[in-house]
1. Every residue in region 28-45 that is buried (at least 16 other Cβ atoms within 10 Å of the Cβ) and not polar (S, T, N, Q), please.
2. Which of (1) touching a Ser or Thr at 6+ places or on another chain (Cβ under 9 Å); (2) at pLDDT 80 or above; (3) open to solvent by less than 40 Å² (accessible area, probe 1.4 Å) does Asp25 not meet, given it meets every other one?
3. With the requirement that a residue be closer than 18 Å to Ala15 by Cβ, open to solvent by 50 Å² or more (accessible area, probe 1.4 Å) and at pLDDT below 85, what does region 55-82 give you?
Amino acid sequence: MGIVGWIVLGLLAGAIAKLLLPGRDPGGLIGTTLIGIAGAFTGGWLSARLLDKPIAGEFYDPATWGAAIAGSLVLLIAYRILFGHSRS
């Protein structure tokens, strides 16, 4: 799977992460989309490095989707913690 495939996967993983973590994000739709793309790359990299489970590189592989969604969730939570604004 090439770079374009990872970007598409990241867009979809970001949307799924947004559905799993509803609420207002400081960056809006564009920020969430970019977090999804970065999460897909991060999840794949972490899966290969830390878990010693390299991603197969196929678009329809469940492990690839799981790593991309998990990476997106982690980055979305971190983004909300770091840049979220509280309401009084």
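The values are calculated or read from the model by the stated rules, or taken from the named source; none is laboratory data. Predicted, not measured: the structure shown is a model, and the values here were computed from it. With ideal geometry, Cβ positions are generated from the backbone for all residues, glycine too; neighbour counts draw on all protein chains shown. Side chains are part of the model used for accessible areas, which takes the heavy atoms of the whole protein and leaves out ligands, DNA and RNA. Shrake-Rupley method; radii C 1.70, N 1.55, O 1.52, S 1.80 Å.
1. Those that are buried (at least 16 other Cβ atoms within 10 Å of the Cβ) and not polar (S, T, N, Q): Leu34, Ile35, Gly36, Ile37, Ala38, Gly39, Ala40, Phe41, Gly43, Gly44.
2. For Asp25, the exception is condition (2).
3. Passing the criteria: Phe59, Tyr60, Pro62, Trp65, Tyr79, Arg80.
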